[in-house]
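Below: one structure, written as structure tokens.
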Amino acid sequence: MPQDPAERRVVVTGLPRRTRTGSRGRPGPAPARYRPRTEIDEQTTLGHTYVRSLMRSQLRAALAGFAVLVLLVGPLPLLFAALPDARRLQWALLGFGLYPPLVLLARWYVRRAERNERDFVRLVEDR
């Protein structure tokens, strides 16, 4: 008993593995190139992985900056409690001593975040 041809039909989706030649021996259309940007725009699993990787690297930089900030500012209340009579020292430390390290930390964070984004763009644009 032969099977119905509609039941044996198989639908194949995807890119062809090699290009076919046209009727005059010329190559046919080239297969579509893999583009990470399309994966991101179409919100595929791979595109989601790319974006999640960028977000993870940005989060890592933010947590590192926050850890340095906590280590820098966290012990100050203990230092101020140990020196209750040194009001001028406390204000000088808060006003002038803390400013340069905070600026350097902010500068480091911005550079790190921009480098992460530059690396991501380089990955996506396939350069």
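Annotations
- Where a label projected 7 Å from the Cα of TYR99 along Cα→Cβ would reach, residues of the range 66-88 with amide N under 17 Å: 88
- Förster radius 41 Å - calculated FRET efficiency between ALA86 and ALA106 (Cβ-Cβ, nearest 0.05): 0.90
- Local charge for LEU104 was computed over the other residues whose Cβ lies under 15 Å away, with Lys and Arg +1 and Asp and Glu -1, and equals +3.
- At R0 = 35 Å, FRET efficiency that the Cβ-Cβ distance of GLU114 and LEU72 yields, to 0.05: 0.95
Bear in mind that the values in this text are calculations on the coordinates, not laboratory data. None of the values given here were measured: they were computed from a predicted structure. Note that we place each Cβ from the backbone using ideal geometry, even for glycine, and neighbour counts take in every protein chain shown.
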